[in-house]
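Visitor: I am attaching a structure below and will ask some questions about it afterwards.
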Amino acid sequence: MKRKIPLVITFIVGIVVIISEFIPHKPFGRISGELENWYLIIAGFAIILGQMNLFKVNLFKIRYKQKNWQFYIITLISFIIMVSCGLFWGTENNPGLFGNAESITSVVGSKPFDYLFDNIYQHLQATMFSLLAFFIASAAYRAFIARTLESNLLLIAAILVMLGNTSLGSSLTCWLPENLKFLHLPNISSFIMKFPTTAGQRAIMIGAGLGIIGSSLRIILGIERSYLGGE
Amino acid sequence: MTEKITRKQIDRRWIFLFMFIGVALPLIFTIGFPIETSENSEIVYDLIDNTPSGSKVILSFDYDPASMPELHPMAEAVMRHCFRKKIKVIVTALWPMGVQMAEDTFSQLKADFPDVSYGRDYVNMGFKAGGIVTLQAMGKNFREVFPKDMNGTPIDELPIMDGINNFNNINFILAFSAGDPGIKQWVQIAHDTYGITVSGGVTGVSAPAVIPYVNEQKQLTGLLAGLKGAAEYERLTKEPGSATKGMDAQSIAHMIIILFIAIGNINYWRNKAKEKRGA
Amino acid sequence: MEHFFSVLGIWLGALFTFAIFSFLYKDNPFYKVAEQIFVGLSAGYWFVYTIFFILIPNLFDPISQDIGANWIKLFPAALGIMMLMRLIPKTEWVSRFPIALIIGTTSGIFFLRYLKSDVINQLTATMINPFAGSDPVTIIGQLMLVIGTITGVIYFYFSKKHEGAFGVTAKIGIYFLMISFGAAFGYTAMARISLLIGRLQFLLGDWLGIISP
């Protein structure tokens, strides 16, 4: 029962959603629309589940003093602070349990939740991803070696696109006469994007699309059951 | 043998330092390389420029602070253009931080557009989870998905939302997207299911994966790609902003990467020749 | 006082920026602390926003204001609570019911949308007359588009061994894929550098005031 009923639910729900595309009238259209609205609410609970699970996992790491456990205390503290600030004093546009935090806002300039977001979270996230600029430069130096025809094509396309996507690139070839304008670097870059890149990415898109369709059918028909987890 | 050859390489921290300086210097000492516009950016510009005033459009903020340098200038330029053309803007967000991103953009434009009134010309409907399924639900019943705006004001009390029950009275949807859910889902639902014009701006990383949608069927009507796309839009609107300021640094950084690729290749082939001679 | 907190905010931003950048030298406790704060704040943000933007307006408000008209929302509420039961090992199996509903809905929608947008519409977009272009560059490009798409799709067909004419076609497909990966690298480099530019604009502008922010 623990496995069969969920499989039946998946089958019925999947089939109803597909049928409602072709018969959008009652009852299929109505049921499908209602399922989509339910989905939003269940997805909300799923997000809450994710955050509570993160809390649980970190608590577990601290309790059993796993490697670097001291740092996970910081994770929990920052999580609790952010949630408390949000729930007690609300966000920029929503009041919290303790009201609208007018007195704090008059001193700090914004609500605690927004202050943390603007001055800490935003910078942490932006910097975390900006590290990749350094690693991509290092990777280009180490891995971008022209060994075969395939790697040559990759390299040339990358260089032409990088040059074409900068103002310096367009300055380099802006002197070209009108009949050779197709060799102007931004035009070459646009050409690469519009034709061979589109072709390659479209092939991937079609391949991935067919894969997703296949997987969806396997799930609806109950052939693929891994999402239910082990017994 | 490849391992032996690649071992003789410079410490990557020197590359990091060189990169840091290479990006910082052009920001301090601006060069002012000219910016050329591309066909895809012009299509987005024309789409907004040819939209009659009073029309209602959806701007979807599907990104977070990690993509701010690329998508924020784009969002600001596009929203500014919409306000200039007196187009009414409905903001939605498929990413929770998109709500703050939109608010930040709007607050930067408030001073320039004192006539734009919240609830009449602009509204932020907030964040909804669920990606593609929620978009499909929006196409059927917008009010069910967004019963209130981000301030908790019921949708019926917002004049801008009069007559908006689904995507029917929306002129176009423009998504600023950093990944999934984002522009792909908007194309799949809003354009391919409900026939609404969809356009947008994406991060450089996602541009190649999205470009097949820019085709004769107009699944996507134009596309702004990365910081360059944002700078191009700023140029088209003749209002240079932070994207334009960053383009010099972008140029120099690209040249540095190309330089490192060249050095890496020269090193490789020189070491390979040495190994051959030694063998 | 507000000015003090505004300045403090900028300094906090700069401090955490450097804490993350310190990883470039080597992994260190400052980076680890910043990383964990990032994880905690991020989770907290999602938690709060989910409550304020989804659960309150789409569930709690309708039920508390007019349960007669919104009784049907009790179903997703029950399913949501069943989802949370995953946290307790003994009742974990209960969460399979809402997961089944989520997976079933997603599968149905994915089946329809990917079929139309990513398969049928992409095939339609490839069925063009490549010789209809106004200039030789466009004609060459359109030929590449058609040949590249077909050969690329053939490359992804692994049920037949890549040899003979089929192998040659698949090989051509690889060449197109390589060009597209090269272009993707170019765009990725552009994207990552933009993020660094954003950080430096903050440090040099908002924090040091050397450039106009």
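Visitor: What range in chain B is the longest one free of trypsin sites (Lys or Arg not before Pro) that are in a loop by DSSP and have at most 11 other Cβ atoms within 10 angstrom?
Guide: B:9-237
Visitor: Of A:Lys111/B:Lys128; A:Lys194/B:Lys228; B:Lys148/B:Lys245, which pairs sit farther than 26 Å apart, going by alpha carbon to alpha carbon?
Guide: In this structure, B:Lys148/B:Lys245 lie more than 26 Å apart at Cα.
Visitor: Moving on to the next point. When the Karplus curve 6.51 cos²θ - 1.76 cosθ + 1.60 is applied with θ = phi - 60°, which whole-Hz ³J(HN,Hα) does each residue of segment C:89-100 get, with x for Gly and Pro?
Guide: Computed from phi, the couplings for segment C:89-100 are x, 5, 9, 4, 4, 4, 5, 5, 5, x, 5, 4 Hz.
Visitor: At a threshold of 8 angstrom on Cα-Cα distance, excluding pairs fewer than six apart, so keeping six or more, what relative contact order does chain B reach in percent?
Guide: The value is 26 percent.
Visitor: So for the pair A:Arg30, A:Tyr64, with labels modelled 7 Å out along Cα→Cβ, what separation do we get in nm?
Guide: 5.1 nm
Visitor: Show me, for segment B:209-216, the HN-Hα J-couplings you get by feeding each phi into the Karplus relation (A = 6.51, B = -1.76, C = 1.60, θ = phi - 60°), rounded to Hz, glycine and proline as x.
Guide: 6, 9, 4, x, 6, 7, 9, 5
Visitor: Looking at the square roots a ≥ b ≥ c of the eigenvalues of the Cα gyration tensor of chain B, which shape do they give, rounded for a/c under 1.5, prolate if a/b is larger than b/c, or oblate?
Guide: Prolate, because a/c is 1.5 or more and a/b exceeds b/c.
Visitor: Please give the calculated 222 nm ellipticity per residue for chain C, where each DSSP H segment of at least 4 residues contributes -39500 (n - 2.57) and the sum is spread over every residue; nearest 500 deg cm²/dmol?
Guide: That comes out to -22500 deg cm²/dmol.
Visitor: Also, quick follow-up: Using r as the Cβ-Cβ distance of A:Met52 and B:Tyr118, and R0 as 45 Å, what FRET efficiency do you calculate, to the nearest 0.05?
Guide: E between A:Met52 and B:Tyr118, to the nearest 0.05, is 0.85.
Visitor: Per residue, what volume in Å³ does the convex hull of the Cα atoms of segment A:144-231 enclose?
Guide: Spread over its residues, the Cα hull of segment A:144-231 gives 176 Å³ apiece.
Visitor: When all alpha-carbon pairs of chain C are counted, what percent fall beyond 30 Å?
Guide: 62 percent
Visitor: Near B:Phe172, within a Cβ-to-Cβ distance under 14 Å, what is the net charge of the other residues, with Lys and Arg +1 and Asp and Glu -1?
Guide: +2
Visitor: R0 = 60 Å: FRET efficiency of C:Met127 with C:His3, Cβ-based, nearest 0.05?
Guide: Rounded to the nearest 0.05, the efficiency is 0.40.
Visitor: Okay, next question. Apply the Karplus curve 6.51 cos²θ - 1.76 cosθ + 1.60, θ = phi - 60°, to the phi angles in segment C:175-184 and return the couplings in whole Hz, x for Gly and Pro.
Guide: Calculated HN-Hα couplings, in order: 4, 5, 5, 5, 4, 5, 5, x, 4, 5 Hz.
Visitor: Amide H neighbours of B:Phe127 under 5 Å, at least 5 residues apart or on other chains, H built in the peptide plane: list them.
Guide: none
Visitor: Please identify the chymotrypsin sites (Phe, Trp or Tyr not before Pro) of segment A:89-133 that satisfy two criteria: DSSP loop assignment and at most 13 other Cβ atoms within 10 Å. Which are they?
Guide: Passing both the DSSP loop test and the Cβ count: A:Phe98.
Visitor: Lys and Arg at +1, Asp and Glu at -1: add these up for the other residues within a Cβ distance under 15 Å of A:Ser216 and post the number.
Guide: For residues surrounding A:Ser216, the net value is +1.
Visitor: In this model, which of B:Lys56/B:Lys184; A:Lys4/A:Lys61; A:Lys4/C:Lys161; B:Lys86/C:Lys73 are farther than 32 Å apart at the alpha-carbon?
Guide: Too far apart for the 32 Å limit: A:Lys4/A:Lys61; A:Lys4/C:Lys161; B:Lys86/C:Lys73.
Visitor: Here's a follow-up. Need one value for B:87-100: mean number of C-beta atoms belonging to other chains within 10 Å of its residues' C-beta atoms.
Guide: The mean count of partner-chain Cβ atoms within 10 Å per residue comes to 3.
Visitor: Can you compute the modelled spin-label distance between B:Asn50 and B:Glu216, with each label point 7 Å from Cα toward Cβ, in nm?
Guide: That separation, rounded to one decimal, is 1.9 nm.
Visitor: Considering only DSSP beta bridges where both residues belong to the protein assembly as shown, give the percentage that are antiparallel (nearest 5).
Guide: 10 percent
Visitor: Using modelled backbone amide H atoms (1.01 Å from N, in-plane), which distant-in-sequence or interchain residues come within less than 5 Å of B:Ala175's amide H?
Guide: So B:Ala175 has HN proximity to B:Ser60, B:Ser199, B:Gly200, B:Gly201.
Visitor: I'd like to verify something in chain A: which complete DSSP H helices, judged by Cα projection on the helix axis, reach 18 Å or more and average at least 0.5 on the Kyte-Doolittle scale?
Guide: Helices passing the filter in chain A: A:4-22, A:28-63, A:69-89, A:122-143, A:149-164, A:198-220.
Visitor: Also: For a quick check: with amide H placed at 1.01 Å from N, whose amide H comes under 5 Å from C:Ile211's, ignoring anything fewer than 5 positions away on the same chain?
Guide: Answer set, sorted by chain and number: C:Gly205.
Visitor: What is the sum of charges, Lys and Arg at +1 and Asp and Glu at -1, for the other residues whose Cβ falls under 11 Å from the Cβ of A:Ser167?
Guide: Result for the neighbourhood of A:Ser167: -1.
Visitor: In addition: Take each of the peptides A:65-74, A:130-139, average the number of other beta-carbon atoms within 10 Å over its residues, and list them starting from the highest.
Guide: A:130-139, A:65-74
Visitor: Follow-up. What is the average number of partner chain Cβ atoms found within 10 Å of a Cβ in A:113-119?
Guide: Across A:113-119, the average partner-chain Cβ count within 10 Å equals 6.
Visitor: To continue, here is another question. Along Cα→Cβ, 7 Å out, is where each label goes; now give me the distance between the ones at B:Asp180 and B:Arg270 in nm to one decimal.
Guide: Between B:Asp180 and B:Arg270, the simple spin-label model gives 4.4 nm.
Visitor: Work out the mean other chain Cβ neighbour count within 10 Å for the residues of A:80-86 and drop it here as an integer.
Guide: So the per-residue partner count for this stretch is 5.
Visitor: If you average the sequence gap of Cα pairs under 8 Å that are 6 or more apart and divide by the length of chain C, what percent do you get for the contact order?
Guide: RCO, chain C: 11 percent.
Visitor: So, one more: Please identify the DSSP H helices in chain B that span no less than 30 Å along the helix axis (Cα) and have a mean Kyte-Doolittle hydropathy of -1.0 or more.
Guide: Long hydrophobic helices here: B:242-278.
Visitor: Could you state the orientation-averaged shadow area of the convex hull built on the Cα atoms of the protein assembly as shown, in nm² to one decimal?
Guide: Reported value for the Cα convex hull: 35.2 nm².
No value in this document is a laboratory result; all are computed from the given coordinates. Note that the structure is predicted; figures quoted are calculated from it, not measured. Glycine also receives a Cβ, built like all others from the backbone with ideal geometry; neighbour counts cover every protein chain displayed.
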